[in-house]
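The values are calculated or read from the model by the stated rules, or taken from the named source; none is laboratory data. These numbers come from a predicted model, not from an experiment. Glycine gets a Cβ as well: all are built from the backbone with ideal geometry, and neighbour counts include every protein chain shown. Side chains included, ligands, DNA and RNA excluded: accessible areas come from the protein's heavy atoms. Shrake-Rupley method; radii C 1.70, N 1.55, O 1.52, S 1.80 Å.
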Amino acid sequence: MNKPVLLNSMRLFESLGEVKSRSMFGGFGIFVDDVMFALVVNDLLHIRADKHSKDAFNEDGFKPYVYSKKGFPVVTKYYALPHSYWSTPEIIFSLAKNAFLFAKSEKKHQLKSSPQRIKDLPNLRLSIERMLKKAGIKTVDELVEQGSLNAYSAILKTSNSTPSLELLWALEGAINGIHWSVISKERRDELSKQLNAHS
């Protein structure tokens with residue numbers, strides 16, 4: 001992966017936890033604990049803004065990343081940092097840490113207001129809830145904590161039949177609050193590779 005800004009950013013953020021990247025918005029999203037807080041696109045690091053940092057970014061003349069979706073511009077929450085910021089990486093880290101903590105808190109809040117039963121999550125139904133309970137995953141929180149791959153692997157071990165990969169996509173979508181069909185091909189390929197590596 002010949003992406004120096006992405007690699008440098010991932011190294012810089014290592015103390016936040018296990019850093020991963022994933023194709024997002026025409027670039028690469030940067031994640032820790034499955035929480036996206038930064039984006040590398042057009043050879044620039046973009047940091048996710050909250051209501052406080054957004055004002056500061058705008059005052060400094062930073063611009064949010066805009067991408068095209070079905071021909072329409074979509075303005076993201078991610079603001080590009082000038083290359084000059086790399087002369088003071090501690091400032092980048094501070095901005096990224098704040099963005100990560102805010103995004104993590106926001107995700108927890110969203111999950112608390114989400115359905116309390118597994119069967120009520122997107123893509124899932126009572127039969128899948130029963131499969132998950134048989135595999136030892138009884139609550140929405142436990143499903144989120146395990147993640148789609150571990151949950152699917154647990155079902156494989158306890159199910160009498162082999163569920164299709166669509167169940168893996170369904171679990172991934174349920175955890176992220178989206179329909180499984182909108183999960184990107186890159187994310188599906190990533191999950192498939194991880195599944196093959198575990199098996």
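Values for this structure:
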{"quantity": "Positions within region 155-195 being touching a residue at least 40 places away in the same chain (Cβ under 8 Å), among the acidic types (D, E) and either touching a helix residue (DSSP H, G or I) at 6+ places or on another chain (Cβ under 9 Å) or loosely packed, with under 13 Cβ neighbours inside 10 Å (or both), in sequence order", "calculated": "E186"}
{"quantity": "Residues located in region 26-70, provided they are among the acidic types (D, E) and over 18 Å from S9 (Cα atoms)", "calculated": "D50, D55, E59, D60"}
{"quantity": "Region 71-86, residues that are surrounded by 10 or more Cβ atoms within 10 Å (Cβ to Cβ), out of contact with any helix residue (DSSP H, G or I) (no Cβ under 7 Å at 6 or more places or on another chain) and part of a strand (DSSP E or B)", "calculated": "V74, V75, T76, K77, Y78, A80"}
{"quantity": "Qualifying positions in region 25-77 - charged (D, E, K, R) and under 21 Å from the mean Cα position of the chain (by Cα)", "calculated": "D33, D34, D43, R48, D50, K51, K54, K69, K77"}
{"quantity": "The one condition in (1) over 30 Å from K133 (Cβ atoms); (2) of a type in the set (A, V, I, L, M); (3) at pLDDT below 95 that I47 fails to fulfil", "calculated": "(3)"}
{"quantity": "Test: residue in region 145-157 that is modelled with pLDDT of 90 or more, farther than 23 Å from R22 by Cβ and either outside any helix (DSSP H, G or I) or touching a strand residue (DSSP E or B) at 6+ places or on another chain (Cβ under 9 Å) (or both)", "calculated": "no"}
{"quantity": "Scan of region 4-27 for residues that are of a type in the set (K, R) and either under 14 Å from L81 (Cβ atoms) or touching a Phe, Trp or Tyr at 6+ places or on another chain (Cβ under 7 Å) (or both), ordered by number", "calculated": "K20, R22"}
{"quantity": "Filtered residues of region 7-48 (kept if in contact with a Ser or Thr (Cβ under 6 Å, 6 or more places away or on another chain) and of a type outside the set (V, I, T))", "calculated": "F28, L45"}
{"quantity": "Any hit, region 87-97, residues being free of Cβ contacts under 8 Å to residues at least 60 places away in the same chain, open to solvent by 50 Å² or more (accessible area, probe 1.4 Å) and farther than 24 Å from K3 by Cβ", "calculated": "no"}
{"quantity": "Verdict on L7 being surrounded by fewer than 20 Cβ atoms within 10 Å (Cβ to Cβ) and either without any contact (Cβ under 8 Å) to a residue 60 or more places away in the chain or among the hydroxyl-bearing types (S, T, Y) (or both)", "calculated": "yes"}
{"quantity": "Residue check, A135 surrounded by 15 or more Cβ atoms within 10 Å (Cβ to Cβ), in contact with a Ser or Thr (Cβ under 7 Å, 6 or more places away or on another chain) and free of Cβ contacts under 8 Å to residues at least 60 places away in the same chain", "calculated": "yes"}
